[in-house]
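Take a look at the structure set out below.
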Amino acid sequence: MGLGAASVLFAASSQTAYAQFRPTPLHVNTGSTSSRNDPVTFQSDKVSYDDHAGVVTWTGNVQVWQGDRIMRADKMTYDRNTGVVAATGNVASSQPDGSVLFSHYAELTGNMRDGVMTHVNALMNDNAKLAANGMRRTGGKINDLTRAVYTACEICAKNPSRAPFWQFRAYNATQDLQHQEIDFRDVYWDILGIPVLYLPYFSMTDPSAKRHSGFLMAGVTPHDRYLGTYVTIPYYWVIDDQSDLTVQGLFSTKTGPQLSTQYRNRFNFGTLNILGGVAYDDYRHKGYTNDFGDAVGAQNDRGIQGYVFARGEASITKAWRGGFNVQIASSANYMRDYRVQGYGSDTLNSTAYLEGFGTGAYSRLDGQFYQGLNQGVIRNSDLPFVLPHYEYSFLSQPDIFGGRLGVNTNDFYVYRSNGVRDQRGEVQLNWNRPFRTSLGQKYLVTLRLDSMVYRATHLYQQPAYYNYGRTAVVGQVVPTVAVKMNWPFLRQFMKGHGTQIFEPIVQAIYAPNTGDGMSRNMPNEDSLNYEFTDSTLFSLNRFQGTDRIDGGLRGNVGMHGNWTWNGHVVDILVGESFQEHIEHDRLPYSGLNHHMSDVVARARVEPTQYLGFTARTRVNPKNGDIDFGDALFNINGPHFGINGGYVWEPVTPFYYYVNDYRTANPPSVYYQRMNEISGGVSTSWASWHASVFARRALSRKQFVAIGANAGIQNDCFGLDVMYLKQYTTIGGQQRNSTVLFTVTLKSIGAFGLK
């Protein structure tokens, strides 16, 4: 329909007027895919046409839309001679990206690609707001604004003229719609209307952009023991819709620069993430004496250093997937000097794997590589390569007898430059049959068969330390029969508002006496640790792996009680183990060094929803000594929280296998008690929060770590101050205290000073 004919039709009708014609669309953001040739539809309460002047005028609730763009105004005119569209009174334009533009007056020319607006307000994504006294649009791509103000804070509904919590005020600004950037010049940063910072220039990504290439916030650290004063300058590059790259330069006053990158890609069938860096490290590292009294010489690892952390995963079929996780660094000192993530751990672990999933089944084939980071404790030559490692597990559906059969295997080849080299093949069969009696007793019958075969060399080296220098081919077959009975008694009290459970538990287990693995030259890779607590009281095997199996005839008894009423809970378990045969492969203070074991107990008390307490212990029944104990408590209120913990053990078991425990006593640090206490307090009120924590080794009379945090967080602003001091020494060195200031501005980003 032509414009003239439409106008005649509008004048003859008293109803709401509609028309369609094809001028250039009325819009501000040109990022949409709508075509200029799409029809534009007008709607208004009234329309008039001045044929002599060639002007169409719409008045009263004027709406114009084309595709996904809409413009509204109290009045709008279109001059066919000049191509000028003028809109006045409550002008509003909704954009395809979800933002809305408001103005008092808008005048658009040049096929609607150029124009001016006065008293402009833009409501953008993420509740961001941009306002200006005036705006000029050029080519439909650039908006130049005068006296611009930007904020992402809420505006006070009762007093809109009140300054928001923070805002940027600029003499002028440029909004690049094509590249999704906003540049401000002569900028003041106001907090509560008070200027706190002046910037001659400030650039940010348009809030409508989900991902945008450009420089990220630079980081500044005034002092670091190894780097001195240093700055980091990151750049983010959006490669395409599924991948990106971040490049960061680090420049310090004490050592050479570092360049690091991170590449990320999300495929339809998997993901890929590669993080790496290279630097020239010229920090001089000194020797030191470790906790065992051994002298560790200075490391000659200056010069070009680097690291690569790569992780990837891909779905091959619906049932199979593969992946890898590679972590390699040129030296531990380099990671410490440049604060590379992962420093502080004992090792860097790398693996590549292939795994499959089925109904009740799981299969995995992988290889593993380890790199030591704390040379004073563990050397790279002591760490193994594991290639290959195969794991399989299967659990059947209930059979005709009502039981389930489980099949497991865990096979590997372990190679060490300095240490035992061995291969293991394993098959484990496990059949469980639960049933109940008419008296309410719950029984579980278990039949288990563990069979392993080994081929091992260098058994005289760590971690075995056997007096055997030849190749050993050994194996074992260990059948186990177990019957467990739970007999819960249940009653109600407090007129049905409370319940009590009284549950005796009895278990009988028989397996052949496996004896001392050393006498059979049997290597031990996965059973160096033994744990006897309330959580393993009824376990068939309390070793962490299967290289060692609990053998002999033994019985386990326990008493479990639970009281629950009106939100209050008391739960207690006490138990003990009785054994005919004493295994010699267990650690000292294991709690099972006599025919009658230590008594294990656990108690959980929750008197209210705000208070909780859990404690565990293991007590020697002969002398009353506590061989293990820990406790945790927490108090949580509407505006505060308190938590604490305590752990006790007469030795530090991590150091037992450091040297040849068969011929020499463990190092002195093994006999140092684990006696630590920790705690923290946190509070929050309205927008404010604060917390403090500490961990102290009572036996060593020193703190392990202390820290505190305080800040404010509202709808658009965040300020956090964190303090951290770690007293742990790694590689003979310890960092200074860390203080971190972080300012977060919604829709802009975070600024940090460390």
Taking the stated definitions as given, is Pro666 crowded, with 16+ Cβ neighbours inside 10 Å and outside any strand (DSSP E or B)?
-> yes
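Taking Asp382 as the residue in question, decide whether it is charged (D, E, K, R) and at pLDDT 95 or above. Give the derivation first.
Working: charged (D, E, K, R): yes; at pLDDT 95 or above: no.
Taking the combined requirement at face value, the residue does not satisfy it.
Residues in segment 137-162 that are surrounded by 14 or more Cβ atoms within 10 Å (Cβ to Cβ), out of contact with any Lys or Arg (no Cβ under 6 Å at 6 or more places or on another chain) and modelled with pLDDT of 90 or more: how many?
So the answer is 6.
Taking the stated definitions as given, is Arg696 part of a strand (DSSP E or B) and over 25 Å from the mean Cα position of the chain (by Cα)?
Criteria met by Arg696.
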Which one of these does Gln299 not meet: (1) in contact with a helix residue (DSSP H, G or I) (Cβ under 6 Å, 6 or more places away or on another chain); (2) surrounded by fewer than 18 Cβ atoms within 10 Å (Cβ to Cβ); (3) part of a strand (DSSP E or B)?
-> (3)
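Output yes when any residue across segment 372-387 is of a type in the set (A, V, I, L, M, F, W, C) and farther than 30 Å from Arg336 by Cα, and no when none is.
First, pick out the residues of segment 372-387 that are of a type in the set (A, V, I, L, M, F, W, C): 373, 377-378, 383, 385-387.
Checking which are farther than 30 Å from Arg336 by Cα leaves us with none.
Within segment 372-387, not a single residue is of a type in the set (A, V, I, L, M, F, W, C) and farther than 30 Å from Arg336 by Cα.
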Going by the structure shown, is Tyr235 touching a helix residue (DSSP H, G or I) at 6+ places or on another chain (Cβ under 7 Å) and of a type in the set (Ser, Thr, Tyr)?
-> no
Matching residues in segment 707-752 - criterion: being farther than 16 Å from Asp190 by Cα, β-branched (Val, Ile, Thr), part of a strand (DSSP E or B) and in contact (Cβ under 8 Å) with a residue 24 or more places away in the chain = Ile712, Ile730, Thr742
Which of the residues spanning segment 663-704 are closer than 20 Å to Pro588 by Cα and not aliphatic (A, V, I, L, M)?
-> Thr663, Asn665, Pro666, Pro667, Ser668, Tyr670, Tyr671, Gln672, Arg673, Asn675, Ser699
Out of (1) in a strand (DSSP E or B); (2) surrounded by 15 or more Cβ atoms within 10 Å (Cβ to Cβ); (3) of a type outside the set (Phe, Trp, Tyr); (4) within 45 Å of the chain's Cα centre (by Cα), the one Ala86 does not meet is (4)
Kindly indicate whether any position in segment 713-736 is over 30 Å from Asp126 (Cα atoms), among the β-branched types (Val, Ile, Thr), touching a Leu at 6+ places or on another chain (Cβ under 7 Å) and modelled with pLDDT under 90.
-> no
Condition set free of Cβ contacts under 8 Å to residues at least 24 places away in the same chain and not small (Gly, Ala, Ser), scope segment 583-617, selection farthest from Thr533 (Cα to Cα): answer is Phe613
For segment 132-157, the count of residues that are over 16 Å from Glu107 (Cβ atoms), among the small types (Gly, Ala, Ser) and part of a strand (DSSP E or B) equals 1
Answer yes or no: is there a residue in segment 536-545 that is touching a Ser or Thr at 6+ places or on another chain (Cβ under 8 Å), at pLDDT below 90, buried (at least 16 other Cβ atoms within 10 Å of the Cβ) and aromatic (Phe, Trp, Tyr).
-> yes
For segment 110-125, state whether one or more residues are under 20 Å from Ala209 (Cβ atoms) and of a type in the set (D, E, K, R).
-> no
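Sort through Thr174, Thr221, Thr246 and tell me the only one that's in contact (Cβ under 8 Å) with a residue 40 or more places away in the chain, surrounded by 14 or more Cβ atoms within 10 Å (Cβ to Cβ) and among the β-branched types (Val, Ile, Thr).
Details: Thr174 fails: in contact (Cβ under 8 Å) with a residue 40 or more places away in the chain; Thr246 fails: in contact (Cβ under 8 Å) with a residue 40 or more places away in the chain.
Just one listed residue meets the conditions, Thr221.
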With (1) at pLDDT 90 or above; (2) surrounded by fewer than 20 Cβ atoms within 10 Å (Cβ to Cβ); (3) more than 52 Å from the chain's Cα centre (by Cα) as the list, and Tyr105 as the residue in question, which single condition is left unmet?
-> (3)
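Suppose the filter is of a type in the set (A, V, I, L, M, F, W, C), more than 20 Å from Arg364 (Cα to Cα) and in contact (Cβ under 8 Å) with a residue 24 or more places away in the chain; does Phe412 pass it? Spell out how you get there, then give the answer.
Details: of a type in the set (A, V, I, L, M, F, W, C): yes; more than 20 Å from Arg364 (Cα to Cα): no; in contact (Cβ under 8 Å) with a residue 24 or more places away in the chain: yes.
No.
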If we keep only residues of segment 700-711 that are at pLDDT below 95 and aliphatic (A, V, I, L, M), then the residue farthest from Val651 (Cα to Cα) is Ala705
Please work out which residue is farthest from the chain's Cα centre (by Cα), limiting yourself to segment 270-318 and to residues that are small (Gly, Ala, Ser) and within 20 Å of Gln341 (Cβ to Cβ).
-> Ala279
Whichever residue in segment 177-189 is assigned to a strand (DSSP E or B) and in contact with an Asp or Glu (Cβ under 9 Å, 6 or more places away or on another chain) and, among such residues, is surrounded by the most Cβ atoms within 10 Å (Cβ to Cβ) | Ile182
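The values are calculated or read from the model by the stated rules, or taken from the named source; none is laboratory data. Not measured: the values here are computed from a predicted model. Cβ sites come from the backbone with ideal geometry, for glycine too, and all protein chains shown count toward neighbours.
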